[in-house]
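Undergrad: The structure that follows is given in the form of structure tokens.
The values are calculated or read from the model by the stated rules, or taken from the named source; none is laboratory data. Remember, predicted model here, so these are calculated numbers, not experimental data. Note that we place each Cβ from the backbone using ideal geometry, even for glycine, and neighbour counts take in every protein chain shown. To get the accessible areas, we keep the full protein, side chains included, count just its heavy atoms, and leave off ligands, DNA and RNA. Shrake-Rupley method; radii C 1.70, N 1.55, O 1.52, S 1.80 Å.
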Amino acid sequence: MNVLSLLSCLFKPLARRLGPAAALLAAALFCAAAPAASQPPDREPQRPVVRVGVVDYTTPAPYEPIVEATIRVIRSSLAPDYDVVIAQMPREALEAQVIEGRVDIFLSSAGFYRRLVPYGAKDLATAMSPLYPDPNHSEGAAIVVSNRSSDRRTIDSLKGARLAAPSRHAFSGYQIPMAEIVRRGYSERTFFSSVLEVGDGKDAIAVFDALVDGRADVAFAKQCVLEEYVRQHPQQGRMLRVIEPRQGTGECARTTDLYPTWTLGTSFCTPPDVSRRVTSAVLAMPAAGAGLLWGVATDFSNVDRLLKDLRIGPYEYLNAWTLSRLIDRFWPLMLAALLLMAGIMWHSVRVGHLVEQRTAQLQEALQKQRDLQQQAEEASRRISALQKVGVINQISSILAHELRQPVGAIACYLEGVREQLALVKSVPQAVFRALEQMGAQIERIDAVMRKVRSYRKSPGGLTQSIELSETVRQAVDTVRRSFSGDSVQIDESLEPGLVIRGDALEIGILTMNLVKNAVEAVKGRGQSGGRGRVFVDLRAAAQGVVLTVRDNGVLRTPQQLCAITSRMESTKEDGLGLGLQIVSGIAERHRAALKFSLAEAGGLIVTVTFPAAGAS
């Protein structure tokens with residue numbers, strides 16, 4: 001094995017695995033080494049060899065006559081400086097040799113040439129004919145069906161049919177018609193139920209035999225091949241027709257657009273001198289056959305678009321999904337999805353905000369409703385208390401009216417007892433003192449009844465000057481005697497000589513109610529389990545005379561204080577709450593300020609501030 005053969009063997013796997021860029025670099029090294037390696041130093045230099053490859057093509061073909069004429073022109077243009085070697089081979093073999101740089105000049109379809117552009121291939125000329133004088137648009141394909149299939153008249157109606165084609169790699173026999181189908185939105189892989197490949201070259205015409213004998217429902221063929229088949233097999237030919245035919249005067253029937261046809265090209269390894277000579281020779285050669293010539297195609301964009309639609313050749317990378325390709329392919333859908341997501345997020349935020357707003361409004365409305373309900377309940381309690389007071393007023397009036405005579409009778413009987421006892425010797429003085437106390441209490445009852453009756457008639461004015469210290473002391477002593485058996489300590493600090501304008505009886509009632517309530521609040525429930533204490537204080541102040549009653553009871557919270565002060569509720573189980581209402585009414589009648597507060601250590605402090613005697 002010589003050096004050239006060794007380099008060729010090493011290069012083949014590189015060219016197929018490393019891709020276009022690496023293949024070009026390796027092949028360039030091969031091209032540079034080949035001439036030197038092929039000339040042993042002890043022999044005469046040989047002429048360079050120009051290798052010409054011709055792809056197997058369908059026969060008969062419209063451009064077949066130009067092949068032999070072109071080969072003769074190439075030989076004569078390169079003689080005597082080059083030896084020309086001609087080889088016709090299948091598409092796969094020719095493609096590999098062009099990529100590896102083992103072919104200098106090749107003759108193939110335009111699709112085959114454009115697939116090899118990334119590997120350094122360059123077009124020299126493109127065939128043209130009198131019917132197709134534009135080398136950019138001179139080759140198409142026909143999609144053929146049997147006349148037995150009357151329902152198959154459009155490309156869309158072929159979905160799911162069985163296809164017969166020369167090869168999936170045939171440019172005119174498969175790729176051109178398949179691109180027409182893909183551009184209508186169908187998938188190459190799923191449009192046909194099956195694909196029968198009959199072979200390239202001379203075997204390509206067998207697609208019509210498969211259509212006639214029922215092995216296929218549809219056939220792909222290069223334009224003008226059907227006309228040749230009809231000429232050779234007239235009876236079978238009458239059974240075939242072209243789907244969606246389009247053709248000009250004298251043209252063969254076709255279904256597809258026109259593309260550049262056979263192209264003469266060079267590989268990256270071709271010497272520039274060879275390219276120049278061959279290009280000049282073929283463009284100047286006389287017409288072959290029925291006026292076939294070589295021209296220069298200036299637009300292969302439709303071929304490139306076909307390769308891209310089918311994702312083959314330089315566009316095979318489109319079969320692999322990447323992020324950039326996804327964005328490039330589906331950016332409208334992605335943008336719509338992003339806008340939809342943004343809209344959903346905005347809607348969610350908006351709905352959340354509205355829910356929060358409506359929830360706040362609902363909570364505010366509920367709070368207002370609770371406040372109104374609480375106010376209604378408070379008003380109901382006040383009305384109930386007023387009704388209770390009204391009933392008590394009625395009862396008190398009745399009692400004051402009806403009890404006056406029995407009380408008077410008791411007073412008379414008491415006076416009679418006193419007179420009879422005066423006649424008896426050796427009666428203990430304690431009995432007379434008891435009788436005096438009983439008389440004093442009867443007089444007090446009578447005074448209260450008169451006061452009640454006076455309220456019913458007219459409240460009258462408060463013009464009497466009373467010595468407040470003595471009135472308070474008497475009221476405290478009365479309460480102390482009433483609760484003498486309980487463990488409650490009552491202390492007082494009364495400043496003497498304090499005078500106000502008012503009613504002594506009402507002031508006594510006010511004081512007794514406050515002290516009695518304080519005693520009942522601490523009776524048996526002193527702070528920390530100790531003894532209950534009540535302290536009564538009376539002194540002059542800048543704003544008048546201040547009476548304070550303080551206890552060490554269990555009252556500790558503002559809610560408990562509110563229940564006593566604003567609602568006038570009794571803390572006793574059997575209490576009616578009238579005591580504080582009486583106190584409040586007497587204080588208001590005397591223009592005194594009544595105040596309730598909590599003691600720091602627990603308990604209630606009640607302060608009554610009377611105006612001085614000279615105040616208006």
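Undergrad: Scan segment 109-164 for residues that are part of a helix (DSSP H, G or I) and either of a type outside the set (A, V, I, L, M, F, W, C) or within 18 Å of R91 (Cα to Cα) (or both) and jot them down.
TA: Result: A110, G111, F112, Y113, R114, R115, V117, P118, Y119, D156, S157.
Undergrad: Moving on to the next point. Sort out which residues of segment 153-202 are in contact (Cβ under 8 Å) with a residue 60 or more places away in the chain, surrounded by fewer than 14 Cβ atoms within 10 Å (Cβ to Cβ) and β-branched (V, I, T), and write them in order of number.
TA: T154
Undergrad: Additional query: Restricted to segment 220-233, and to residues that are closer than 16 Å to G140 by Cβ and more than 60 Å from the chain's Cα centre (by Cα), which residue is surrounded by the most Cβ atoms within 10 Å (Cβ to Cβ)? Steps first, please.
TA: Of the residues in segment 220-233, the ones closer than 16 Å to G140 by Cβ are 220-228.
Filter once more, so that each one left must be more than 60 Å from the chain's Cα centre (by Cα): 224-228.
Values: C224: 22, V225: 27, L226: 23, E227: 15, E228: 20.
If we take residues in segment 220-233 being closer than 16 Å to G140 by Cβ and more than 60 Å from the chain's Cα centre (by Cα), then V225 is surrounded by the most Cβ atoms within 10 Å (Cβ to Cβ).
Undergrad: Continuing with the same structure: Name the residue, out of R47, R51, that is in contact with a Phe, Trp or Tyr (Cβ under 8 Å, 6 or more places away or on another chain) and open to solvent by 30 Å² or more (accessible area, probe 1.4 Å).
TA: Within the list R47, R51, the selection yields R47.
Undergrad: Follow-up question, since we're still on this one. Residue by residue through segment 591-602, note down the ones that are out of contact with any helix residue (DSSP H, G or I) (no Cβ under 7 Å at 6 or more places or on another chain) and open to solvent by less than 30 Å² (accessible area, probe 1.4 Å).
TA: If the condition is that a residue be out of contact with any helix residue (DSSP H, G or I) (no Cβ under 7 Å at 6 or more places or on another chain) and open to solvent by less than 30 Å² (accessible area, probe 1.4 Å), then A592, A599 are the ones that fit.
Undergrad: Considering segment 102-123 alone, what residues qualify as being surrounded by 19 or more Cβ atoms within 10 Å (Cβ to Cβ), of a type in the set (A, V, I, L, M, F, W, C) and under 60 Å from the mean Cα position of the chain (by Cα)?
TA: A110, F112, L116, A121 - these are the residues of segment 102-123 that are surrounded by 19 or more Cβ atoms within 10 Å (Cβ to Cβ), of a type in the set (A, V, I, L, M, F, W, C) and under 60 Å from the mean Cα position of the chain (by Cα).
Undergrad: What residue, among those in segment 234-266 that are in a loop (DSSP other than H, G, I, E, B) and among the aliphatic types (A, V, I, L, M), is surrounded by the fewest Cβ atoms within 10 Å (Cβ to Cβ)?
TA: Applying the first criterion (in a loop (DSSP other than H, G, I, E, B)) to segment 234-266 yields 238-239, 243-245, 247-253, 255-258, 260-262.
With among the aliphatic types (A, V, I, L, M) added as a condition, the list becomes 239, 243, 253, 258.
Details: M239: 15, I243: 20, A253: 17, L258: 19.
By that ranking, first place goes to M239.
Undergrad: For residues that are assigned to a loop (DSSP other than H, G, I, E, B) and more than 14 Å from P177 (Cβ to Cβ), scanning just segment 203-216, find the one that is least open to solvent (accessible area, probe 1.4 Å).
TA: Of everything passing the filter in segment 203-216, G214 is least open to solvent (accessible area, probe 1.4 Å).
Undergrad: Quick check on S150: is it modelled with pLDDT under 95, open to solvent by less than 10 Å² (accessible area, probe 1.4 Å) and closer than 18 Å to R241 by Cα?
TA: no
Undergrad: Out of I71, I66, I86, I99, I need the residue that is open to solvent by 50 Å² or more (accessible area, probe 1.4 Å) and either in contact with a strand residue (DSSP E or B) (Cβ under 8 Å, 6 or more places away or on another chain) or not in a strand (DSSP E or B) (or both). Which one?
TA: I86
Undergrad: Would you pick out the residues in segment 227-274 that are of a type in the set (A, V, I, L, M), farther than 25 Å from Y113 by Cβ and touching a Gly at 6+ places or on another chain (Cβ under 9 Å)? Quick ask: steps written out before the conclusion?
TA: Quick first cut of segment 227-274, residues of a type in the set (A, V, I, L, M) only: 230, 239-240, 242-243, 253, 258, 264, 274.
When the remaining residues are screened for being farther than 25 Å from Y113 by Cβ, the result is 230, 239-240, 242-243, 253.
Hit for segment 227-274 is V230, nothing else.
Undergrad: Still on this structure: Just to be sure I understand, how many residues within segment 443-491 are open to solvent by 40 Å² or more (accessible area, probe 1.4 Å), modelled with pLDDT under 75 and farther than 24 Å from I410 by Cα?
TA: So the count comes out to 11.
Undergrad: Taking segment 74-83, which residues are touching a residue at least 24 places away in the same chain (Cβ under 8 Å) and either among the β-branched types (V, I, T) or part of a helix (DSSP H, G or I) (or both)? Let's see the steps before the verdict.
TA: First, the residues of segment 74-83 that are touching a residue at least 24 places away in the same chain (Cβ under 8 Å): 74, 76-78, 80-83.
Hits for segment 74-83 are I74, S76, S77, L78.
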